[in-house]
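Enquirer: Dumping the structure here so I can ask a few things about it.
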Amino acid sequence: QVQLVESGGGLVQPGGSLRLSCAASGSISGIYPVGWYRQAPGKQRELVASITSSARITYANFVKGRFTISRDIAKNTVYLQMNSLKPEDTAVYYCYVDFREMRHWGQGTQVTVSS
């Protein structure tokens, strides 16, 4: 079993920053694809950023230059640094890992950008 625990969400003013963390535990090891999706109310879940097992990074156009994805392999943790946040970034953010031909999801963490 693989468990993903997210943290770091919350309420922030426009222009502010947050750092999300996603720690993987259980029967997981090595280097595997990871990433973040988000889902706003009434909208479909959309990819925010991802890292492949070969360390290729992809960002959605709407976060390029503002968000940074990174990982700590030793800690089995992936991060999402979010800067210059906008109200339209408000959503539940979900991390995932692809391990042993399965996609595992975190429980989601709420990010609200509002003044």
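The values are calculated or read from the model by the stated rules, or taken from the named source; none is laboratory data. Being a predicted model, the structure only gives us computed values, none of them experimental. Ideal geometry is used to build each Cβ from the backbone, glycine not excepted, and the neighbour counts take in all protein chains shown. When the accessible area is computed, the model is the full protein with side chains, heavy atoms only, and any ligands, DNA or RNA have been set aside. Shrake-Rupley method; radii C 1.70, N 1.55, O 1.52, S 1.80 Å.
Enquirer: Only one of (1) open to solvent by 70 Å² or more (accessible area, probe 1.4 Å); (2) at pLDDT 95 or above; (3) closer than 24 Å to residue 1 by Cα fails for residue 86. Which number is that?
Expert: For residue 86, the failing item is (3).
Enquirer: What are the residues in the stretch 52-70 that are open to solvent by less than 60 Å² (accessible area, probe 1.4 Å) and either of a type outside the set (Phe, Trp, Tyr) or assigned to a loop (DSSP other than H, G, I, E, B) (or both), if any?
Expert: 52, 58, 60, 63, 66, 69, 70
Enquirer: Follow-up question, since we're still on this one. Counting just the residues of the stretch 91-109 that are assigned to a strand (DSSP E or B) and among the charged types (D, E, K, R), which one comes out surrounded by the most Cβ atoms within 10 Å (Cβ to Cβ)?
Expert: Looking at the filtered set, the residue picked out is 98.
Enquirer: Would you check which residues across the stretch 36-46 are open to solvent by 60 Å² or more (accessible area, probe 1.4 Å) and touching a Phe, Trp or Tyr at 6+ places or on another chain (Cβ under 8 Å) and list them?
Expert: 39, 45, 46
Enquirer: Then there's this: Hey, does the stretch 76-83 have a residue that's at pLDDT 95 or above and open to solvent by 50 Å² or more (accessible area, probe 1.4 Å)?
Expert: Looking for residues that are at pLDDT 95 or above and open to solvent by 50 Å² or more (accessible area, probe 1.4 Å), one finds at least one in the stretch 76-83, hence yes.
Enquirer: Hey, residue 112 hits all of (1) more than 10 Å from the chain's Cα centre (by Cα); (2) open to solvent by less than 20 Å² (accessible area, probe 1.4 Å) but one; which does it fall short on?
Expert: The single condition residue 112 does not satisfy is (2).
Enquirer: Any idea how many residues of the stretch 1-35 are within 13 Å of residue 111 (Cα to Cα) and either open to solvent by less than 40 Å² (accessible area, probe 1.4 Å) or part of a strand (DSSP E or B) (or both)?
Expert: So the count comes out to 12.
Enquirer: Can you report the number of residues in the stretch 71-83 which are more than 17 Å from residue 7 (Cβ to Cβ) and either part of a strand (DSSP E or B) or of a type in the set (S, T, N, Q) (or both)?
Expert: 1
Enquirer: Residues of the stretch 15-56 being among the aromatic types (Phe, Trp, Tyr) and closer than 14 Å to residue 73 by Cβ, which ones?
Expert: 32
Enquirer: Here is a further query. When you look at residue 42, is it assigned to a loop (DSSP other than H, G, I, E, B) and either over 12 Å from the mean Cα position of the chain (by Cα) or within 19 Å of residue 101 (Cα to Cα) (or both), yes or no?
Expert: yes
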